[in-house]
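**Student:** Would you mind keeping the following structure in view while I ask a few things?
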Amino acid sequence: MNIHELIRDIPDFPKRGIVFKDMTPLLANSEALVLCADRLARLCPDAIIIDKVIGIEARGFILGGMLAERLNAGFIPVRKKGKLPSEVNSKSYGLEYGKDVLEIHKDAITAGERVLIHDDVLATGGTAQAVCDLVEELGGIVMQCNFIMELDFLNGRDKLVTKVASLLSY
Ligand code: AMP
């Protein structure tokens, strides 16, 4: 099965000039969904123990949860401003198409825990770097950032000091 064929380009969404990588056809295909989660889990070397998987709102929640199950790790949501109910740490960041604020619960990570960060797309790297900062502020260790897709031409990988792995490159 070719996961690549189940990701479609939506031109000019959410803004003119952006080609949005829409993974909803992949999510809708049960076989592709399982395959994608299995392959993402394999991007993480066997020898590495992961305590927590972070999924970035919102598309990072879906495969992030499946990854946590496969890696025997807990799942932590990193959410947009104002969505998490308890005490949070916040970080503002730049997007390929705008600016935003991400938040994590202050008690989500214990110092020394090994964390894998997951999102659907690595574009400029601003989002993932903001989440790395949030993890490190809580004393967590970022073991890997992993993505379904990477937009090579935006060089997001160069912005991240941690290990980066992705299933597909554009
Ligand atoms: P960035 O911070 O620039 O790496 O952007 C990554 C975040 O924005 C991820 O949460 C993606 O879901 C989203 N994103 C950025 N560019 C795209 C794109 N072309 N298609 C789909 N999602 C995107």
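**Student:** Among all the aspartates and glutamates, which ones have a C-alpha under 13 Å from Lys80's C-alpha, if same-chain residues fewer than 8 places away are not counted?
**Tutor:** Those aspartates and glutamates meeting the cut-off are Glu57, Asp100, Glu103.
**Student:** Run the simple label-point estimate for Glu137 and Asn155 please: 7 Å along Cα→C-beta, distance reported in nm.
**Tutor:** Taking the two extended label points, one gets 2.7 nm.
**Student:** So, one more: Past 23 Å, Cα to Cα: identify those pairs from Lys15/Lys106; Lys52/Lys91; Lys83/Lys163; Lys21/Lys91, in the order given.
**Tutor:** Pairs exceeding 23 Å: Lys15/Lys106; Lys83/Lys163; Lys21/Lys91.
**Student:** Now, a different point. For segment 1-82, just say rounded, prolate or oblate: build the C-alpha gyration tensor, square-root its eigenvalues into a ≥ b ≥ c, call rounded for a/c under 1.5, and beyond that prolate if a/b exceeds b/c, oblate if not.
**Tutor:** On the way: a/c = 2.47, a/b = 1.38, b/c = 1.78.
Since a/c reaches 1.5 but b/c is at least a/b, the shape of segment 1-82 is classed as oblate.
**Student:** Classify the chain from the C-alpha gyration tensor, please: rounded if a/c falls under 1.5, else prolate or oblate depending on whether a/b exceeds b/c.
**Tutor:** It is oblate, given that a/c is not under 1.5 and a/b is not larger than b/c.
**Student:** Could I ask something else about it? With every protein chain left in place and a probe of 1.4 Å, what is the accessible surface of Cys44, to the nearest 10 Å²?
**Tutor:** 10 Å²
**Student:** With a ≥ b ≥ c taken as the square roots of the eigenvalues of the C-alpha gyration tensor of segment 31-130, please select rounded if a/c is under 1.5 and otherwise prolate if a/b is larger than b/c or oblate if it is not?
**Tutor:** oblate
**Student:** Moving on to the next point. In whole Hz and in residue order, list the ³J(HN,Hα) couplings for segment 154-163 that follow from phi through the Karplus curve 6.51 cos²θ - 1.76 cosθ + 1.60, θ = phi - 60°; x for Gly and Pro.
**Tutor:** Each residue of segment 154-163 in turn: 9, 6, x, 4, 5, 6, 8, 7, 8, 6 Hz.
**Student:** Ignoring any ligand, DNA or RNA, what whole percent of the accessible area of segment 19-107 comes from carbon and sulfur when the probe is 1.4 angstrom?
**Tutor:** Details: 2290 of 4490 Å².
Carbon and sulfur: 51 percent of the exposed surface of segment 19-107.
**Student:** Which whole-Hz ³J(HN,Hα) couplings does segment 80-93 yield from phi under the Karplus relation 6.51 cos²θ - 1.76 cosθ + 1.60, θ = phi - 60°, glycine and proline marked x?
**Tutor:** Those phi angles translate into 5, 3, x, 9, 8, x, 9, 5, 10, 9, 10, 8, 8, 8 Hz.
**Student:** Still on this structure: Between Ser92 and Phe20, what length comes free when the chain is fully extended (0.36 nm per residue of separation minus the Cα-Cα distance, one decimal in nm)?
**Tutor:** On the way: separation 72, 0.36 × 72 = 25.92 nm, distance 2.20 nm.
Working it through step by step, the gained length comes to 23.7 nm.
**Student:** Please calculate how many Å² of accessible area the chain carries per residue, with a 1.4 Å probe and no DNA, RNA or ligand atoms counted.
**Tutor:** I get 49 Å² per residue for this part.
The values are calculated or read from the model by the stated rules, or taken from the named source; none is laboratory data. Nothing here was measured: the structure is a model prediction, and the numbers come from that model. When we count neighbours, we look across all protein chains shown, and the Cβ atoms used for this are built from the backbone with ideal geometry, even at glycine. Heads up: the accessible areas ignore ligands, DNA and RNA and are worked out on the full protein's heavy atoms, side chains in. Shrake-Rupley method; radii C 1.70, N 1.55, O 1.52, S 1.80 Å.
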